[in-house]
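Q: Structure incoming, see below.
No value in this document is a laboratory result; all are computed from the given coordinates. Worth saying up front: this structure is predicted, and the values here are computed from it rather than measured. Methodologically, a virtual Cβ is constructed for each residue, glycine included, from the backbone with ideal geometry; neighbour enumeration extends over all protein chains shown.
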Amino acid sequence: MKTTIRLKLVLSILPVLVASFAVAGVSSILLSRAGMIRLAMRNLAFKAETLKQYGEAQWGLVVAQGFDGDPEFVEAARASFARHAESLLREDSETFVALDLDGTLRLYAGQGVAPQEAPVALKALMREGLTGAVRFEGAHGERFGQAFYFAPFGWYVVASDLASSIFAETQRISVALVAALGASVAVAFVMLLVLSRSIARPIAKLAASMGSIVETNDFSACVEPESGDEVGLLTLRFGELCREIDRSYRRIGEIATREVEARVEIVERDIEALLALGKVSEYRDEETSNHTLRVGLYADAVGARFYPDEEERRVLVYAAPMHDLGKIGVPDSILLKPAKLTGEEFERMKLHTVIGHAILKEFRSPFLVKAAEISLSHHERWDGKGYPNGLSGEAIPLSGRILAVLDVFDALVSERPYKRAWPLEKAFEHIGSERGTHFDPAVVDAFMDARERIVRILEANQK
Ligand SMILES: [Fe+2]
Ligand SMILES: [Fe+2]
């Protein structure tokens, strides 16, 4: 079971309360019992003394008249003694009994029929010669009494009352006390619950608020203080902390958003610059417009198989248009020559790969690094018969192998000063026929698989 503040409060205070009430109750009952015994004894002593004096006065008269030897007078004196004893009784439970020295019951004054014999305990008291306050077991229970020896009759006389009668009042007090104790404990328990709830509830609310904030990051879930006590102060400070963190979060969020926007802006500017570089090579070459744009878009379609990472593919797409940038280093007389190039001119023309690489390799932008790689390798052939380095197979960078297919395909389907545009079917056939010779078979496969998309790109970006 989880130990809560409420439980701790109740468990620590309630036993103390119950114990205090119990001690107070029990000592009150004991004190009242002692008081009742004292009162009863005083009352019984008074009656015993009254009877004794009465008996002595009566016997004094008998003796004065010289009748103490006359059994009739003696009997009359005893009867008068008994009547007086009767007259002294006030409670049903009170009795006077007298025993002679052999234990025979000689007098019984009290409610009900006189018993045949005196109680055994009383006979024992008499034999011990105890007078004054006595306590013994009677026929109907324990009795408290006052005993005296009445010499003229040779009687041991005891005035007594039942303990249960004496304590009847204290029993009623005990019941009332137990009831009061129970009620007090119940009221104390309820008040403790109310008090502990008033302490624990704001703490529980604060804890719930903290939990909710942790889960949802929503700082508006912060609670307001309900009181001016320590818990209220804690709640107030927590609220201030929440608002401060919320403000910081917002500031950080704004800064992060601005930074992302700034980065996007930078990348967009970079890309614009890259596209401008692509255009530069296109203008020098007098190739059909949009050749560089289309090559970039084809690279996106075909590169998906080889560059599953979107960022890497993006680099390829924006680097691809710069594959012929090196043509700016080829003289117009060669580049724009309407006739077939001589062997020497063609060798010069081939240098556009190396020139492009030399221009681009100095830069750190991933786009330019990739463009340098493409520039150098896009005229290499899978069978090793390409230029400038005669690399073969996978020694040629993947970007160069991809661009080789895309560049040749786009040149075939475009119109040039010295040739007409090839029909699509024928161009695709040519690419397929060079699978494994001019081109990387895997790239050709990816190109063929992307045929529909390639055609759509071509049609949408013709001029
Ligand atoms: Fe080229
Ligand atoms: Fe090209």
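Q: Between the stretch 159-185 and the stretch 35-108, what is the separation of their alpha carbon centroids in Å?
A: If we compute the Cα centre of each part, the gap is 33 Å.
Q: Ok, one more. Using DSSP to define loop residues, name the GluC sites (Glu not before Pro) in the stretch 334-367 whose beta-carbon has at most 11 other beta-carbon atoms within 10 Å. Show your work: numbers first, answer last.
A: Values: sites: Glu344, Glu345, Glu347, Glu362; in loops: Glu362.
Sparse-neighbourhood loop GluC sites (Glu not before Pro): Glu362.
Q: Which of the lysines could a cross-linker bridge to Lys361, judged by Cα under 23 Å and excluding same-chain residues fewer than eight apart?
A: Result set, ordered by chain and number: Lys279, Lys327, Lys350, Lys370.
Q: Another question about this same structure. Would you order His379, His430, His352 from fewest to most other beta-carbon atoms within 10 Å of each residue's own beta-carbon? Provide the component values of the computation, followed by the final result.
A: Working: His379 21, His430 14, His352 26.
Starting with the residue having the fewest Cβ neighbours, the order is His430, His379, His352.
Q: Can you list the lysines whose alpha carbon sits under 21 Å from that of Lys8, skipping same-chain ones fewer than 8 residues off?
A: Within the straight-line cut-off, Lys8 pairs with Lys205.
Q: Search the structure for amide H atoms under 5 Å from the amide H of Asp440, placed 1.01 Å from N in the peptide plane, and list their residues when 5 or more places away or on another chain.
A: For Asp440, the qualifying residues are Trp382.
Q: While we're here: So which trypsin sites (Lys or Arg not before Pro) in the stretch 376-444 are both in a DSSP loop and have at most 11 other Cβ atoms within 10 Å of their Cβ?
A: Numbers: sites: Arg381, Lys385, Arg401, Lys419, Arg420, Lys426, Arg435; in loops: Arg381, Lys385, Arg420.
Listed in order of number, the matching sites are Lys385, Arg420.
Q: Select from the stretch 399-448 those chymotrypsin sites (Phe, Trp or Tyr not before Pro) which occupy a DSSP coil region and have at most 15 other Cβ atoms within 10 Å, ordered by residue number.
A: Details: sites: Phe409, Tyr418, Phe428, Phe439, Phe447; in loops: Tyr418.
Listed in order of number, the matching sites are Tyr418.
Q: While we're on this one: In the chain, what percentage of the DSSP-assigned beta bridges are antiparallel, given to the nearest 5? It would help to have the intermediate numbers written out before the result.
A: On the way: 26 of 27 bridges.
Around 95 percent of the beta bridges assigned by DSSP in the chain are antiparallel ones.
Q: Something else: Determine, for each peptide in 331-340, 386-395, 240-249, the mean count of other beta carbons within 10 angstrom over its residues, then list the peptides with the highest first.
A: On the way: 331-340: 11.3, 386-395: 14.7, 240-249: 12.9.
Highest mean packing first, the order is 386-395, 240-249, 331-340.
Q: OK, next. Helix-derived [θ] at 222 nm for the chain: sum -39500 (n - 2.57) over DSSP H runs of at least 4, divide by residue count, nearest 500? Let's see the in-between values first.
A: Numbers: 16 runs with 296 residues, N = 463.
Helix-only estimate at 222 nm: -21500 deg cm²/dmol.
Q: Give the share of C-alpha pairs in each 20 angstrom bin for the chain, from 0 to the last occupied bin, in whole percents, shortest bins first.
A: Per 20 Å bin, starting at 0, the Cα pair percentages come out as 17, 20, 10, 11, 10, 8, 11, 10, 3, 0.
Q: I need the phi-derived Karplus couplings for the stretch 417-423: 6.51 cos²θ - 1.76 cosθ + 1.60, θ = phi - 60°, integer Hz, Gly and Pro marked x.
A: Those phi angles translate into x, 9, 7, 8, 6, 6, x Hz.
Q: Output ³J(HN,Hα) for the stretch 395-402: one whole-Hz value per residue in order, computed from phi by the Karplus curve 6.51 cos²θ - 1.76 cosθ + 1.60 with θ = phi - 60°, and x for Gly and Pro.
A: 5, 7, x, 3, 4, x, 5, 5
Q: In a shell of Cβ-Cβ distance under 10 Å around Thr437, excluding Thr437 itself, what net charge do Lys and Arg (+1) and Asp and Glu (-1) give?
A: Spelling it out: positives minus negatives among the neighbours equals +1.
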